[in-house]
Structures are given as structure tokens and as C-alpha cells.
1. For A:Ala214, list long-range residues whose amide hydrogen, built 1.01 Å from N in the peptide plane, is under 5 Å from its own amide hydrogen.
2. Mean-square fluctuation check for chain B, GNM, Cα pairs under 10 Å: which of B:Gly82, B:Gly141, B:Gly160 is largest?
3. Take chain B, mark every one of the trypsin sites (Lys or Arg not before Pro) that falls in a DSSP loop and has at most 14 other Cβ within 10 Å, then report the longest stretch left between them, sites excluded.
4. How tilted is helix A:233-253 with respect to the longest principal axis of chain A? Cα atoms for both, answer in degrees (0 to 90, nearest 10).
5. Between B:Leu192 and A:Asp134, with labels modelled 7 Å along Cα→Cβ, what's the label distance in nm to one decimal, could you check?
6. Let me confirm one metric for peptide A:95-107, namely the mean number of other chain beta-carbon atoms within 10 Å of its residues' beta-carbons.
7. Count, for each residue of B:204-211, the Cβ atoms from other chains sitting within 10 Å of its Cβ, then give me the mean as a whole number.
8. Just B:Leu207, B:Leu321, B:Leu292 to compare: in a GNM of chain B, with alpha carbon springs under 10 Å, which one fluctuates most?
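Derivation of every value follows stated rules applied to the coordinates shown; laboratory data play no part. None of the values given here were measured: they were computed from a predicted structure. When we count neighbours, we look across all protein chains shown, and the Cβ atoms used for this are built from the backbone with ideal geometry, even at glycine.
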Amino acid sequence: MSAPNGSLLSVQGIAKRYGPVVALRSADLTVQPGEIHALLGANGAGKSTLVKILSGVFPADAGSVAVNGRTALLRKPGDSMAAGIATVFQDPALIPDLTFSQNLRISGLARDDVMPWLERMDLAHIDFDLLVGDVPLAFLRLLDLARALAHRPQLLMLDEITAALTTDQAEHVFDVMREWKEQGRSVLFISHRLGEVLAMCDHATILRNGSHVADFALAGVDESQLVTAMLGEELVEELAESAEDAAVETGTLTKAFDTPVVLEARDLRLRDKVNGISLELHKGEILGLAALEGQGQDQLFQVLSGDHRPSSGELLVNGKRLNARSPYDAIRNGVVFVPADRQQALLPQRSVRENLTTPLYNRVRKWFTLAGDEADRVDRAVARLDIDVRAGSQAQRLSGGNQQKVTVGRWLASGFDILLCFDPTRGIDIQTKAQIYDLLRELAAAGSAVILYTSELREIPLVCDRVLVIYNGRIVHEQDAATATEEILLTSAHGLEEAGA
Amino acid sequence: MTAVTTDPLASGTQPGWRRWLRRHGWTVGVWLLLGALIGYYSTLIPAFGSFQVASIVNSGAPLVFLAAAQAVIVIAGGIDLGVGGMLVLTNVTAARFMEGQPFLATLLIAVTIIILAAAVNAGVGWIINVSRVPDIVITLGSLYFFQGLALAVLPNPGGGTSELFRWIFTGSRRGIGSNPYPAIALIAIVILGLAWWLGKTRSGLSLYAVGSNKTAAYLSGIRAARVKIVSYAIGGAFAAMAGLATTAIAGRGNANTVGGNLTLRSVAAIVLGGVALTGGIGSVIAVVPAGLILFFLNPILSAMGVDPNRAQVVQGVLIVLVMMVTGLIEWRRRRTT
């Protein structure tokens with residue numbers, strides 16, 4: 001086969017299908033030595049599949065891969081490492097029940113191999129005897145990165161590494177990427193954050209529906225051009241229109257809500273994580289929450305969704321005190337939760353329909369079959385969310401975006417008053433994001449109330465009516481969402497400014 | 001710039017010994033429980049002495065080895081219902097071929113049996129990999145297969161072994177006496193060696209890795225399929241050790257011993273020893289006292305004047321209590337992190 005001269009990685013015509021679902025039709029990718037190359041595409045475009053094939057997780061059905069001009073057979077992860085490719089996956093590949101130092105050992109590495117990289121990421125003080133299971137996800141990604149770098153790969157593949165990282169952690173990753181590039185080695189970078197892509201990458205390869213659609217040098221390109229290439233012309237126009245509608249809608253909604261308060265928190269506390277949070281949520285309102293990683297938002301949602309009892313403080317739903325012992329109590333009172341991690345919400349081996357009806361089990365009166373009315377609700381939820389049910393026999397076969405739609409759809413089918421969304425669009429493509437945000441606005445217009453925590457600050461003015469910023473378990477900032485710029489939110493999220501605009 | 005209040009990566013304010021205790025508390029606890037039970041037993045028996053100690057250690061040895069076999073496989077994310085069958089099969093095979101042989105020949109036969117048992121059980125692991133049938137189903141099959149094979153090897157109880165071979169496992173040429181040291185030394189060497197391999201070497205840690213998170217292990221370049229085969233091979237070798245110990249103690253083989261019961265006791269022992277049935281967690285060093293305790297309950301209860309048939313009730317309650325305590329510890333740990 002003829003690899004272009006001197007390219008580090010040359011992928012041609014890779015195809016992969018899972019049963020009836022075609023994940024990749026024909027993917028081409030060429031990475032030169034000493035470049036940072038972006039792999040872009042909407043969810044379901046086949047990026048993750050391509051990364052997994054290049055990592056040797058599973059073999060391709062067709063096509064060829066060449067590294068340094070030599071054909072490489074990637075049948076297992078070891079083959080890929082031997083060929084000089086190291087990957088940091090979205091779910092860190094570290095063993096939770098072993099210490100960090102034991103994790104290095106099973107990869108055949110010593111502390112000294114990773115130490116230079118840890119130093120560069122300000123993690124040199126790490127205790128190597130910590131159990132990996134006790135380390136928060138953001139740090140795990142960085143540890144996994146250090147481990148990948150220690151193998152000194154020719155090509156480093158980073159799959160959505162910056163999702164869930166704080167700004168300064170992401171900066172460390174960028175520093176490392178730049179250094180890797182200076183050493184004449186390459187990085188394949190996958191991110192939904194186009195700003196990062198434009199700032200860091202030299203070239204981009206774009207996949208759409210499992211096929212290679214474009215390659216470009218990124219100098220002088222702007223975000224809208226990338227989006228156009230990723231989604232195709234027509235979709236972009238559609239999205240732009242709906243974004244305009246959204247702007248108008250939010251504009252009209254930005255007023256003090258005079259609708260009744262449906263959820264009220266009074267001085268909620270949970271150990272040292274939630275330090276006295278009080279808030280009011282009105283009917284028909286979307287309340288945004290912004291915070292850096294680990295500021296108590298996880299625990300706040302656990303309390304609100306009935307998963308954890310607060311150490312003190314009280315929670316009122318529709319003016320009535322809610323003393324939930326488990327999510328069951330919260331759900332019965334109309335408070336439902338959409339987690340960031342789809343795995344916490346889905347029954348992966350069961351069908352999409354079954355997943356959608358799970359919350360209905362509590363009220364199935366006629367045993368054995370779901371009543372016709374309930375089957376209708378499921379159909380409506382599938383249609384409303386535009387869920388791709390081709391792979392419907394098992395929810396785990398769906399793409400991440402479709403899985404997230406199912407986690408929201410479950411509640412549509414069963415009904416609710418208050419929807420708690422914890423970063424529902426993490427690692428999801430623009431198109432699905434737009435659908436989910438549209439849906440939230442529609443639900444609010446129909447009288448539901450929504451609390452939305454999102455790690456993507458720029459989306460807050462688009463979706464929310466009001467925004468609260470949490471720092472160190474306290475609310476440090478409150479304002480109308482329409483005027484909440486990324487700068488304001490970031491500044492207060494770092495706890496640098498006690499009272500904002 | 002970011003005001004970080006607590007650093008999740010630093011070793012923190014906890015002193016080292018507290019963390020050591022948190023991680024190894026279970027092991028320490030099971031050893032202390034064994035010590036306490038022996039202490040209590042010595043007050044029940046007027047003539048408590050080296051004979052009693054020897055009888056506990058010698059007779060408990062097969063269960064200790066069998067529990068170690070089960071522990072290795074469970075740590076790697078499997079479960080082997082066949083270990084009891086393997087014990088019976090190796091017990092009768094040894095008794096049949098060792099009868100009337102000189103010491104060196106019996107030793108050679110023992111080594112051969114261990115190697116064969118490892119190879120056969122590796123085959124069981126291989127079948128699980130290839131067929132993708134759950135471990136519990138395939139090894140239910142291997143349990144009956146080994147048991148049936150044992151009856152074919154030695155239809156009636158009998159056979160024998162050399163006196164010196166009996167001494168290795170029991171400290172006595174007749175299989176019964178008051179010298180516990182050879183058995184203690186044998187258990188200590190074999191189990192410490194196994195623990196060192198599991199906890200310190202790359203190949204041993206791979207077992208924990210696969211049992212803890214198979215996907216992450218695979219992505220780290222570990223060959224999960226190979227690890228499963230290795231864990232079953234080592235399990236087979238340790239089940240053979242248990243079978244050989246049984247031959248040495250009894251001086252003969254008995255294919256009528258019910259292997260399934262032995263398997264269940266091995267599972268009970270690893271649960272008491274703190275090995276997580278979900279894989280990835282546990283120490284073979286804690287499995288030793290756990291196996292001895294389970295064996296030891298019978299003599300204690302009979303010394304207390306309890307009907308031996310009730311001993312099983314106590315064992316059952318003990319296992320459930322242990323599981324409840326494990327659950328409680330895990331719950332508290334999750335609350336504090």
C-alpha cells in the first residue's frame with residue numbers, strides 16, 4: 001500500500017459494523033510526525049470506533065493501518081502499544097482496586113518513568129500508594145495521561161480528555177501536547193470543544209456518518225466552518241434558526257418569575273461538601289448551576305434527588321417538606337434526576353423500550369403487560385427525542401448521544417414536575433445537545449421546572465433563565481442567565497469574586 | 001490560582017499505620033480471631049497441647065490449600081466449583097499410584113500430579129474463554145467430571161503412600177502425632193510464595209487487575225484471556241496440594257468424598273478471609289486463618305458440648321455475619337469519602 005511520504009500514521013478505508021449498525025463505512029486518516037491532529041465529527045460519526053480500532057481494542061472489518069509506512073496489524077492493545085500508539089480513553093484504563101504504583105507495575109513501568117510527566121502537570125506530590133478507586137475522575141485522566149506518555153509513544157491519542165477537567169488541569173494537558181509536538185511526536189486529539197481544537201491543533205480530519213468527509217489545515221479556520229463540515233450544510237442552517245429562536249425566547253423569559261416556588265432548599269448541608277445552600281426554583285424556570293469540578297455540586301444533586309440525606313437543612317417540594325430516604329421518595333414527589341454518567345441510569349443489556357418504561361414499573365397496575373396508554377407514552381418519547389432505535393435490542397449498543405436521550409426519555413414517559421440534570425451533555429455532539437436543550441426549554445414552557453448543572457459555561461445563557469455559581473459548597477454568585485458571560489461565570493466559579501454583576 | 005482546600009492526591013494527614021490497618025485490617029482481624037478461638041479452645045480442653053495444635057494445623061491444611069486455590073481464581077474474577085472435585089481426584093490418584101512406592105517415587109508422583117492438575121484446570125479456564133459460558137456453569141461441569149473420574153481411578157477406598165510423604169504434611173510417619181511444624185512450614189512457604197507473586201509481580205498483579213476491571217485491564221495491555229487461564233492453572237495446582245495433603249493425612253484415597261461440599265467450604269473460607277466474590281480484592285494470607293477457623297469450629301463446638309450437627313448452623317450464621325460486617329465497612333467507607 002502507498003502511504004503518503006513520511007506520514008506517521010496512515011489509515012485507509014477502515015470499516016466496522018456492529019450487527020446491523022454501521023459504525024464506520026470508510027474512514028481515512030493521515031497523521032504527520034510532529035503535528036497535533038484533530039479528529040472531529042458529531043456523535044455517532046465513528047470517532048470512538050476509529051480510536052478503538054487504532055488502539056487494538058477490536059479489529060476492523062476492512063481497511064488498512066500503516067505506522068511509519070509499515071502495515072500494522074492491530075489485534076490487541078499490546079500490538080498498538082508496540083507500534084508506538086498510546087491512548088488515553090474517556091474512561092481511564094486504571095484498575096480501581098490497585099494502587100497507582102501497582103497500576104504502573106502491570107503496565108511494566110516504574111515511578112521514574114512517569115515522574116517527569118507528573119511534575120509537568122503539577123502532580124509530583126502524588127502518593128503512589130493511593131488506591132486508584134479513591135482518586136477523582138479528573139485526576140485519573142491526568143494519571144492515565146502520565147502513564148501513556150511514559151510509554152513514549154510516537155502517537156498519543158486523547159479521547160475527550162478535557163471533558164471534566166478544570167481549566168488549569170486542561171492547561172497542563174495542552175502544555176504536554178505542545179511539548180510532545182516539539183519533540184517531533186504527534187497527538188491525535190478528540191474534543192467537542194471546538195475552541196480548544198482551533199487553539200491547539202494543526203490539522204483536522206472530519207468524519208460524518210462513518211465516512212471521511214474532509215481534511216484541513218486549521219490555520220485561519222473558524223468554528224462555524226468546522227461545524228458546517230461536521231454536520232453538513234442543511235443541518236447547520238436548521239440549528240442556527242433554532243438558536244435564534246432560543247435567543248428570542250430566553251430574552252422574553254428573563255424576568256422575575258412570579259410563578260409558584262416548586263422546590264425550595266433551606267440551608268442544605270452535607271458533611272464538608274455542601275455548606276449551606278439555599279435556593280428557590282419556580283414553576284417553568286430553568287435554573288442553571290455553574291461550578292468547577294468538585295465544589296459540592298455532585299453532593300447537592302445527590303441530596304436533591306433523594307439519593308443521600310442532608311446532614312442538616314430542609315427541602316420543600318411544592319411547599320411540602322420532602323424527607324426522602326431514597327430516590328423512590330423523590331420520584332414519587334415528582335423530582336427526577338438525569339445523571340452525567342449514562343451507566344448510572346440505563347439497563348445496558350435491556351432494550352430501549354424497556355429502559356424507557358423502567359420508571360413506570362412503580363405504577364404498573366396491570367401486571368404482565370404495560371397498558372396501552374403507557375405504550376403510547378413510550379412511543380411519544382421515542383418520537384419526541386428522535387431516538388435512533390435501530391440498535392434497540394440493547395441500550396448499550398446505542399451511541400452516547402442516543403443513550404443520553406434515553407435517560408431523559410425515561411422521565412418523559414413517566415411524567416415529573418422537577419427535572420434535575422447533571423451535566424447531561426457531557427461528551428455529546430452538537431446536534432444531540434441542541435435537541436436536549438430544545439427539549440428542556442419546551443418542558444419549562446409547559447410548566448416543568450429544571451435545575452441544570454453544566455460544565456460548558458457558554459451554554460448557560462442559551463438554555464437557562466437564571467444561574468447560580470457554586471464554589472466550595474456555597475452559592476457565591478447569582479444572576480440572570482441571559483447576561484452571564486463565560487468570563488463572569490469562570491471568575492466567580494474560581495471563588496475570586498464574592499459578589500458579581 | 002484555584003484555592004484548593006484538600007488535595008485528593010496527597011497522602012493526607014492520616015498516619016501510615018492507620019492506612020495500613022485500613023487496608024490490611026481484615027487480615028489482622030481474621031488472624032486475631034483464630035488466635036482467640038485457639039485460646040478459648042485451650043480453656044475448654046484440660047490437656048491442650050502440641051497434639052491439639054498439630055491436629056488443627058494438619059487436618060486443616062487441605063481446606064487451607066483449597067481455599068487458596070479458590071481465592072486465586074476469585075481474585076481474577078472467576079469462580080471454580082470444580083476445586084472440590086479436583087481435590088478428590090488428586091487424592092485418589094495419589095493414593096493409587098503411590099501405594100507401595102519408595103519416598104522419592106511418591107515425591108515424583110506428587111509433583112507430576114500437581115503439574116497435571118494445573119494443566120487440566122488451565123484447560124477448564126481455556127474452555128471458559130473460548131465458549132464464553134459463565135465460569136460457574138463450566139466448573140459445575142468440571143466438578144462432576146472430576147468426581148466421576150475419581151471413581152474410575154479408584155472405585156473403592158484404598159491405596160496408600162510412603163511414610164516420609166505422610167511426614168511432610170503431618171509431621172508424623174503415621175499421619176497423626178503432635179508435631180505441627182512440618183505442616184506449618186509447608187503452608188507458610190507455599191502461601192507466602194503465592195502472596196508474594198500475587199501482590200508484587202507484574203503477572204500476579206494482572207490477576208487483581210482483570211478481577212477488578214476487565215475492560216481497563218485489557219486496555220492496559222493485559223491479556224485477560226491468558227490471565228484467566230493462569231488463575232485456573234494455579235487454582236488447579238493448589239487444589240492438587242489439598243488432595244495430596246488429604247492422601248498424606250488419611251494414608252489412602254476415597255472417591256466417595258463429596259467434592260461439592262469441599263468446594264462450598266472453600267467458598268465459605270475465602271468469604272471469611274475477606275476475598276470479594278466480585279473479584280479484584282483479597283489476600284491469600286487472610287485465607288489461611290479463615291480456612292483453619294472453619295475447620296476448627298467443629299472441635300470447639302463439640303468441646304462446648306454442642307451437637308456436631310448444629311455446627312453447620314453456626315458456620316452458616318458466621319458466613320452471613322461476615323458478609324454483613326463487610327457490607328457495613330464498605331458502607332462506612334463510602335460515607336466518609
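1. Here the answer is A:Ile206, since their amide H atoms fall under 5 Å of that of A:Ala214.
2. Of the options given, B:Gly141 has the highest mean-square fluctuation.
3. Excluding the exposed sites themselves, the longest stretch runs over B:175-337.
4. Once rounded, one gets 30 degrees.
5. 2.8 nm
6. Counting other chains' Cβ atoms within 10 Å and averaging over A:95-107 gives 6.
7. Working: counts 3, 7, 3, 1, 5, 11, 2, 2.
Partner Cβ neighbours, averaged per residue: 4.
8. Fluctuation is largest for B:Leu321.
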